[in-house]
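The values are calculated or read from the model by the stated rules, or taken from the named source; none is laboratory data. None of these values were measured; they are calculated from a predicted model. Cβ atoms come from the backbone with ideal geometry, glycine included; neighbour counts cover every protein chain shown. Remember, those area values only see protein heavy atoms, side chains included, never the ligands or the DNA or RNA. Shrake-Rupley method; radii C 1.70, N 1.55, O 1.52, S 1.80 Å.
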Amino acid sequence: MRFTKMQGLGNDYIYLDCTKERPENAHELARRISDRHFGVGSDGLICVCPSRSADFRMEMYNADGTQGEMCGNGIRCMGKYVYDRGMTNKTDLTIETPGGVRTLRLQVGKGQVVSATVDMGAPVLEPGRIPVVARGSRFIGKQLHVRGRSYEVTCVSMGNPHAVVFVPDVERLNLAEIGPAFERHAIFPHRVNTEFVQVEGRSSLRMRVWERGSGETLACGTGACASVVAGSLTGRSERTATVRLRGGELDVRWDQEDGHVYMTGPA
């Protein structure tokens, strides 16, 4: 089997060209190949597939074999994958995902993609669509009890579900302990990605993430977008901010006019 390993800010995925053939059981393959001791090692598997509604279709599987709806770092790398391999000559691409069709603008240098800007669409704030089991039209700045402690949580979907928690110091958190408790909390029927965010300034956020099905990763593109949306909604940050993750930085802008979130970062 021929594969390519790629990373966006250290959030690494194994890519398969499934435009001609695809594995029989992608769920099981993702679990086996993602193992960092007995497999190739990655945060998951991404299949590059043909699409009837876009230029390509992205199927993303977490390291535990579960399928994800969207991956911000993964979709930037997919743009680089199809362009650098000559599968397209477009620098403006549409990618179909289970979370909706996303548009990429590729930045090319010396014939290769170096970074990409992704139109992530408008954030979803209605609890039933995130999904979150809660009353009301939004879940913004509400208290949630996890492992005997109360946290202020804002929930956002960027094609996949996110719980954003603002904390004084992200480096002092024991994510291996608290992350799974958030991920599998009873109010999240499809589990949840959890972002722990430290506000460094109105336009600067520092973030660590516990990804559903993968554990702590060095970066999460959809999580960075959710964090800027949550920061703006709670008055902690501007609608445009740099999000600093353990694997590097992403620039995120929640546009005032069209309501879409735009994310720019390397691949």
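With the requirement that a residue be surrounded by fewer than 15 Cβ atoms within 10 Å (Cβ to Cβ) and of a type in the set (D, E, K, R), what does region 33-56 give you? Spell out how you get there, then give the answer.
First, the residues of region 33-56 that are surrounded by fewer than 15 Cβ atoms within 10 Å (Cβ to Cβ): 35-38, 40-41, 50, 52-53.
ASP35, ARG36, ARG52, listed by residue number.
Residues to consider are SER227, SER232, SER204; find the one that is under 16 Å from GLY159 (Cβ atoms) and either touching a helix residue (DSSP H, G or I) at 6+ places or on another chain (Cβ under 6 Å) or of a type in the set (S, T, N, Q) (or both). First the steps, then the outcome.
Details: SER232 fails: under 16 Å from GLY159 (Cβ atoms); SER204 fails: under 16 Å from GLY159 (Cβ atoms).
When all the criteria are applied, what remains is SER227.
Show me the strands (runs of 3 or more DSSP E) found entirely inside region 165-267 where at least 2 residues are open to solvent by 20 Å² or more (accessible area, probe 1.4 Å).
193-201, 204-211, 240-245, 248-254, 261-266
Report, by residue number, each residue of region 137-151 that is part of a strand (DSSP E or B) and free of Cβ contacts under 8 Å to residues at least 24 places away in the same chain.
LYS142, GLN143, HIS145, ARG149, SER150, TYR151
Regarding region 165-176, can at least one residue be identified that is within 24 Å of LEU218 (Cα to Cα) and touching a His at 6+ places or on another chain (Cβ under 7 Å)? If you could, list the steps in order and put the result at the bottom.
If we filter region 165-176 for residues that are within 24 Å of LEU218 (Cα to Cα), which is where we start, we get 165-176.
Now restrict to residues that are touching a His at 6+ places or on another chain (Cβ under 7 Å): none.
The answer is no, given that none of the residues of region 165-176 is within 24 Å of LEU218 (Cα to Cα) and touching a His at 6+ places or on another chain (Cβ under 7 Å).
Residue-wise test of (1) over 17 Å from ASN73 (Cβ atoms); (2) of a type in the set (Lys, Arg).
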residue	(1), (2)
HIS162	no, no
GLN198	yes, no
ARG212	no, yes
CYS220	no, no
